[in-house]
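A quick write-up on the structure given underneath.
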Amino acid sequence: MNDHLDRDAVIRALEDRVRKLEKTNAVLMQAAEDRSEAEHGAYDLFKTNATLEQKVGERTASLKLAQEQLQKSLSLVRATLDSTADGIVVVDPQGRVVDYNERFRVLWRIPQDLARAGLAFALLRHLGSQVVRGDSFVRRLSALAYEPSTQLEEEITCLDGRVFELYSTPQRMEGKTVGRVWCFRDITERKRTGELISRLGHILNSSSNEIYLFDAESLRFVQTNGSAQRNLGYSQDELREMQPSDIVVGLTPGQFRRLLRPLHAGREDELRLETELRRRDGTTYPVAMHLQLSQREDPAVFVAVVQDITERRRAHEQLHYLANYDGLTGLANRHQFGERLGELLQLARAKAAQVAVMFLDLDRFKSVNDTLGHSAGDRMLQEVARRIKWCLRGTDLVARLGGDEFAVALPGASQEAVDAVARKVLKAFHRPFVVDGQELYSATSIGISFFPADGEDVDTLLKHADAAMYLAKEQGRGNHQFFRSDLGVQAQDRLDFESRLRSAGERGELRLHYQGQFDLQTEAIVGFEALVRWEHPQLGLLGPDRFIPTAEETGSIVELGNWVLRTACRQWRAWVDAGHAPVQMAVNISVRQLRQPDFVDQVLRIVREAGMDPACLELELTETGLMTDADLSTGILERVKAQGMRVSIDDFGTGYSSLAYLNRFSIDTLKIDRSFVREIGSARDSTAIVQAISALGSAMRLTVVAEGVETPAQAEFLRAQGCHVAQGYLYSRPLPPDAATQLLQQRGRDGARSGR
Ligand SMILES: Nc1nc2c(ncn2[C@@H]2O[C@H](COP(=O)(O)O[C@H]3[C@@H](O)[C@H](n4cnc5c(=O)[nH]c(N)nc54)O[C@@H]3COP(=O)(O)O)[C@@H](O)[C@H]2O)c(=O)[nH]1
């Protein structure tokens, strides 16, 4: 704009000069004439005139040149103005628009007529209508009219979201302010990009992943994020002096360069690897690294995104451990044993060698668990694992298969060598196990099978070793047996038996028989004991001694016990509905049932569903079962009693009794075991025990029931001792429901009268 104004000034100056020269010329001409006349020297006049003409010619040429230059500058200024991305407007001190460029008009969406009108204030109002807080904007800019020399620089936000930068500078000429230039620049995109970059920078810096940018040629780090610096313990500046091979464990610069070759050559887009990084303090940590080449950067850089996978590795290792090892003993588990035995068999096959497999099952471990609790059982298993390992070589495999079962594989061992190892293991059990200060004695039964003679795969070898172990149990426990082909059939039979028992209730194969209990004074029936039987399709009617131990071992006793309870309660209801006076119903409860967390609720639900009076239900528990966890039993019995049910101790005198606990347990009935009743009169001890139990019952105000009463003499003796109730073949055998109903019809009324 200054050039535009200079042009007028220059032209005016030049014209002024021309006029002055013409004047001078005229004066000189006049002077020449005067002189000619005066001096009559024509020659001099001519000379002077020629000189003057030359000067005028020179001046005219220089004026033309100046005009040409001025035109050039003007066109340059115009072109610059039109090609700039900024919107520019020039106003004079009187508020008239002197000039503006097209960009200014477009930027502010100024209608042509408004632009042409050239009124600065009208334009300002138009601008104000488009910006946020437009009134204040107009006021601020108008105020500048009174401060001609002030420079202004500010950011304007438009209502449509665009952001402009505004520069306003005074226009000066020869030291005077002759106007003001306004310049507007659209910085919307720049601002957005800036914000985006700062957001991205923040995200990258706070990312838990480490991010490294390193030069594609020198491989020097050019940029790293906060996570990288924090994890490694180096500052940004220190890292700029380093290369990836300084922090990647086990890679020389050359090896690292070779690793990057496929990316460099464009053969691969990305590279993923798991490696380890070394921190400043020398410690290392595992990472997953993702590498890419960014050609867009100049110069090109590699971008490495690195994730610390310490936790992932740890979790993976832990999972691997849990999947393959027994957490209690640290030995391999069944899965790992199978895998490794499989490998051993492959090797043995190639070398035509044999492999022995031992199956070990602890003898009576369950009673340790039941009487001393699980944590004592666990400690014993840990010691067992140590002792077994101690008997083996480093190349042998040892595993805990679960519970109290262990397995051993002995590669390349002869029958004699395996025999010796088995004896050594058995001997290792001769020393007592000290748990909680108590000395416990345990033994193990060992079954042995051989590859390839007894089986060619892991499952068969284990199955056959297991079958041989059962033989060892049958042979009196605490010994070892080698597999024989006839044992395979027995093992299969056992598996079939277990699985059939599990679903016996569902298939309607269970039966409940009822044995009457009689008042020894009146001989009236006062109750029944429910006794289960299994109608096995091949083996016929089985007594509980044949299948209850298996049900307890496999856990199916819970299901089976609930079936018994439900059936007995329904039978009681049926008798009452048929008009019989209510009698007691005794149901045997196994310790595993009692230990179910919802045992009492379960019993109550069954009782309520059947519509039975809880006071008529008597739960029969064994002494040993109750003493397994006396505190727990006390709590359960209290809840049972609170619901009005009765509790009796079965087989009293045969188990581990503590009179102190007996007092604590809320019980109603003591049942004298039939082994004592059988020997009444023939064995002094038994007779004395029967007398003592009867006296104890009377003293504690408990009902005393004698089991297995077979003779009138026994009944007479028991009656004399004050025993209240008798159960035995003398009165009735256990009967199926119909026969029991008949018995109730015959002897029920008296029984109802007598009560307990
Ligand atoms: N957990 C559960 N245990 C149960 C259940 N049903 C029975 N059992 C227990 O099985 C054991 C054997 O019972 P069973 O073969 O039925 O024998 C009972 C009677 O038949 C037998 N008995 C009764 N009177 C005489 C007799 O005069 N002489 C003689 N030799 N035997 C006789 O005694 C068994 C009843 O004993 P008890 O239970 O101790 O009163 C047995 O221990 C049952 O507890 C069940 O559902 N769940």
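The values are calculated or read from the model by the stated rules, or taken from the named source; none is laboratory data. The model shown is predicted, which means the values in this text are computed figures rather than measured ones. Cβ sites come from the backbone with ideal geometry, for glycine too, and all protein chains shown count toward neighbours. Side chains are part of the model used for accessible areas, which takes the heavy atoms of the whole protein and leaves out ligands, DNA and RNA. Shrake-Rupley method; radii C 1.70, N 1.55, O 1.52, S 1.80 Å.
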Here the FRET efficiency for residue 523 versus residue 489, based on Cβ atoms and R0 = 51 Å and rounded to 0.05, is 0.50
Share of accessible surface on carbon and sulfur in segment 203-357, whole %, 1.4 Å probe and ligands ignored, is 48
Rounded to the nearest 10 Å², the accessible area of residue 469 using a 1.4 Å probe with every protein chain kept is 0
Rounded to a whole %, the carbon-and-sulfur portion of the accessible area of segment 504-747 at a 1.4 Å probe is 47
Largest-first ranking of 319, 594 by accessible area, probe 1.4 Å, whole protein assembly kept, is 319, 594
Cα-based Rg and Dmax for segment 504-747, in Å, come out at 17.3, 50
Computed for segment 247-293: size of charge dipole around the Cα centre, +1 on C-beta of each Lys and Arg, -1 on C-beta of each Asp and Glu, debye to nearest 20, value 220
For the pair residue 79 and residue 502, the simple spin-label estimate (label points 7 Å beyond Cα toward Cβ) gives in nm 9.6
Taking the reciprocal of mean 1/r across every pair of different Cα atoms in segment 558-638, the Kirkwood radius in Å is 13.2
Counting only protein heavy atoms and leaving out ligands, DNA and RNA, the solvent-accessible surface of residue 177 at a 1.4 Å probe, in Å² to the nearest 10, equals 50
Checking rank on 514-520, 280-286, 341-347, 478-484, with mean other Cβ inside 10 Å and highest first, the result is 514-520, 478-484, 341-347, 280-286
Contour minus Cα-Cα span, residue 217 to residue 473, at 0.36 nm per residue, comes to 84.6 nm
For the chain, the dipole about the Cα centre with charges only on Cβ (Lys and Arg +1, Asp and Glu -1), to the nearest 20 debye, works out at 540
Accessible-area order for 724, 536, largest to smallest, probe 1.4 angstrom, reads 724, 536
Share (percent) of C-alpha pair distances in segment 326-495 greater than 18 Å works out to 58
Quick calc: nm separation of the 7 Å Cα→Cβ label points for residue 296 and residue 346 -> 4.8
For segment 40-91, Rg(Cα) over 2.2 N^0.38 Å is 2.20
For segment 284-420, the Debye formula with one identical point scatterer on each Cα and no solvent gives log10 I(q)/I(0) at q = 0.09, 0.11, 0.20 Å⁻¹ as -0.47, -0.59, -1.16
Computed from the beta carbon distance with a Förster radius of 41 Å, FRET efficiency for residue 177 and residue 58 to the nearest 0.05 stands at 0.65
Of segment 82-115, those with amide N under 16 Å from the point 7 Å along the Cα→Cβ vector of residue 165 are 84-88
Taking 0.36 nm per residue of separation between residue 353 and residue 241 and subtracting their Cα-Cα distance, the length gained on full extension comes to 34.3 nm
The alpha-carbon center of segment 357-425 and that of segment 584-601 are separated, in whole Å, by 34
In this structure, the FRET efficiency calculated for residue 427 and residue 328 from their beta-carbon separation, with R0 = 25 Å, to the nearest 0.05, is 0.55
Expressed in angstrom and rounded, the centroid-to-centroid distance over alpha carbons for segment 430-505 and segment 240-310 is 56
With all protein chains present and a 1.4 Å probe, the order of 146, 729 from largest accessible area down is 146, 729
Any residue on another chain or 5+ positions along whose placed amide H is under 5 Å from the amide H of residue 542 is listed here as 534, 535, 536
Hits in segment 450-493: amide N under 17 Å from the 7 Å Cα→Cβ extension of residue 395, namely 451-452
If the chain between residue 613 and residue 699 were fully extended at 0.36 nm per residue, the gain over the current Cα-Cα distance would be 28.2 nm
Quick calc: nm separation of the 7 Å Cα→Cβ label points for residue 50 and residue 269 -> 8.9
D (µm²/s, integer) via Stokes-Einstein for segment 191-308, Kirkwood Rh across alpha-carbon pairs, 25 °C, 0.890 mPa s: value 167
Counting only protein heavy atoms and leaving out ligands, DNA and RNA, the solvent-accessible surface of residue 414 at a 1.4 Å probe, in Å² to the nearest 10, equals 50
Among 649, 572, 123, the residue whose Cα sits farthest towards the positive end of the charge dipole of the chain, when +1 is placed on the Cβ of each Lys and Arg and -1 on the Cβ of each Asp and Glu, is 123
Restricting to lysines and to Cα separations under 19 Å from residue 473, and discarding same-chain partners fewer than 8 apart, the set is 366, 424, 427, 463
For the chain the translational diffusion coefficient, Stokes-Einstein from a Kirkwood Rh over Cα pairs at 10 °C and viscosity 1.306 mPa s, in µm²/s, is roughly 41
Expressed per residue, the solvent accessible area of the chain in Å² (1.4 Å probe) is about 53
Check: C-alpha center segment 530-583 vs C-alpha center segment 658-716, spacing in Å is 26
With only helices counted (DSSP H, runs n ≥ 4, each -39500 (n - 2.57)), the per-residue ellipticity at 222 nm for the chain, to the nearest 500, works out to -16000 deg cm²/dmol
